[in-house]
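Structure first, then comments.
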Amino acid sequence: MSLKNVRLEVMQFLEKDVESLIEKYLIPIEKIWQPSDFLPNSEGDNFFEEVKEIRELSKELPYDFWVVLVGDMITEEALPTYESWLMDVEGVNQVDRENAWGKWVRHWTGEENRHGDVLNKYLYLSGRVNMREVEKTTQYLIADGFDIGTDRDPYKNFVYTSFQELATYISHNRVAKIAKKSGNKQLGKMCQIISGDEMRHHHAYSEFVERIFKVDPSQMMMAFHYMMKQKITMPAVFLRESGGKIGTAFEEFSNTAQRIGVYTSKDYVDILQKLIDRWEIDKITNLTDEAEKARDYLMKLPSRMLRLADRIKIPENSFEFKWVEPAIIK
Ligand SMILES: [Fe+2]
Ligand SMILES: [Fe+2]
């Protein structure tokens, strides 16, 4: 049987448990938080005072912070790219509404959609960013799509999502801490609750991988190896500002995130180590020779990468984005 057919069979085998995994990892719509829980109530009499407070508190946060929050928001707003990508993975099917994988993707998307929504509204109210420039970048990013090197392979895609959900947990959580430190409790709470969602999603995708390791260990190991060897590219890798070429804003965005410690190359290595520990890569048995070699490579990778991460130098000065105008930042 071809590798592709084995993957399809594995996806079908796991599908029977996906309903229960949705219950375990996702929160019913009637119970989960909504963006308006964290934003001024526009029907209320205090709306303008609440907005004023947001605008005042926003002045306390530095330039790089806004750049990172904008970049994080745009990454969340490119959700159409991620949903359509996942719907196209082998074994996921949206034509058949009974396909539990399709249901997972729809429900996951529904949860994720709230992240860009709440951040977008907050940024709009903050008065700190040039929304039109931000909106153009979002439209560019969706139009440019992404290339994450996972093909339609569920194994590679689930390694990617396990990694990415943890990466977004880290960045939203750090943003929350910076906001709280500056006295902005509301923004802190908002970003913290987003990070909680990301953590649940991380656990879900990690469990998918765990289950695949149980039934197809060698191929799962090869897929993990493949993804880490080519490196996990960030979903916003094609980020650009208006007038810029594809991908030109990404490096400066990621430098900014490193500079304020929201997401660093050390975090990348930590995530890799967490995945290795979580999936107990050292204990997996019944591997082919090739998969044994892949395991060895993976086990040694974090320390190798850590040495490289130590050497990376980040520019000290802020990069000026069209999204945030220095003149309006205190
Ligand atoms: Fe998200
Ligand atoms: Fe997420």
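So how tilted is helix 3-25 from the main axis of the chain? Cα-based, degrees 0 to 90, rounded to 10. It is inclined by approximately 50 degrees. Each principal axis of the Cα cloud of the stretch 141-204 was taken in turn, and the coordinate range along them, longest first, works out to 44, 29, 12 Å. Taking one quarter of the surface of the C-alpha convex hull of the stretch 59-115 gives a mean projected area of 4.6 nm². Highest average first, the peptides 152-164, 281-293, 189-201 ordered by how many other beta carbon atoms sit within 10 Å of their residues are 152-164, 189-201, 281-293. Taking other C-beta atoms within 10 Å as the exposure proxy, ASP277, ASP64, ASP144 rank ASP277, ASP144, ASP64 from fewest upward. In the chain, helical runs assigned H by DSSP with n ≥ 4 each contribute -39500 (n - 2.57); averaged across all residues and rounded to the nearest 500, the mean residue ellipticity at 222 nm is -22500 deg cm²/dmol. Filter the cross-link list LYS185/LYS245; LYS103/LYS180; LYS31/LYS156; LYS24/LYS52; LYS177/LYS283; LYS156/LYS266 down to pairs whose alpha-carbon distance in this structure exceeds 29 Å. Exceeds cut-off: LYS185/LYS245; LYS103/LYS180; LYS31/LYS156; LYS24/LYS52; LYS177/LYS283. Of the three principal axes defined by the Cα atoms of the stretch 3-47, the extents in descending order read 60, 20, 11 Å. Sparse packing (at most 11 other Cβ atoms within 10 Å of the Cβ) combined with a DSSP loop state is found for the following GluC sites (Glu not before Pro) in the stretch 4-91: GLU30, GLU43.
Once both axes come from the Cα atoms, what is the angle between helix 154-181 and the longest principal axis of the chain, in degrees from 0 to 90, rounded to 10? Value to nearest ten degrees: 30. Across the stretch 184-193, coupling constants 3J(HN,Hα) worked out from phi with the 6.51/-1.76/1.60 Karplus curve, θ = phi - 60°, read 9, 5, 4, 5, x, 4, 4, 6, 5, 5 Hz, and Gly and Pro carry x.
Straightening the chain between GLN139 and GLU56 buys 27.0 nm, computed as 0.36 nm per residue apart minus the Cα-Cα spacing. Between the C-alpha center of the stretch 234-267 and that of the stretch 270-322 there is a gap of 20 Å.
The 3J(HN,Hα) values that the Karplus relation (6.51, -1.76, 1.60; θ = phi - 60°) gives for the stretch 294-301 are, in residue order, 4, 4, 4, 4, 5, 5, 8, 4 Hz. Gly and Pro appear as x.
Sites listed here are trypsin sites (Lys or Arg not before Pro) in the stretch 202-279 whose DSSP assignment is loop and whose Cβ has at most 12 other Cβ atoms within 10 Å: LYS231, LYS245.
Can you tell me how the stretch 1-129 classifies by the Cα gyration tensor, rounded, prolate or oblate, using a/c under 1.5 as the rounded cut? Verdict is prolate for the stretch 1-129.
Once the chain from ARG278 to GLU251 is taken as fully extended at 0.36 nm per residue, the excess over their C-alpha distance is 6.7 nm. Prolate is the label for the stretch 249-330, because a/c, from the alpha-carbon gyration tensor with a ≥ b ≥ c as root eigenvalues, is 1.5 or above and a/b exceeds b/c.
Averaging 1/r over each pair of different alpha-carbon atoms in the stretch 202-315 and inverting the result gives 15.8 Å, the Kirkwood hydrodynamic radius. In the stretch 169-260, the inverse of the mean reciprocal separation of distinct Cα atoms equals 16.0 Å; this is its Kirkwood hydrodynamic radius.
Extent of the chain along its three principal axes (Cα atoms, max minus min coordinate, largest first): 63, 48, 35 Å.
What you get for the stretch 170-263, charging only the Cβ of Lys and Arg (+1) and of Asp and Glu (-1), is a dipole of about 400 debye around the Cα centre. Restricting the stretch 16-81 to trypsin sites (Lys or Arg not before Pro) that sit in a DSSP loop and have at most 10 other Cβ atoms within 10 Å of their own Cβ leaves LYS31. Per-residue extension of 0.36 nm, minus the Cα-Cα distance of ASP289 and ARG311, leaves a gain of 4.5 nm for this segment.
Here, each number is a calculation from the coordinates, and none is a lab measurement. Everything quoted here is computed from the prediction, not taken from an experiment. Glycine also receives a Cβ, built like all others from the backbone with ideal geometry; neighbour counts cover every protein chain displayed.
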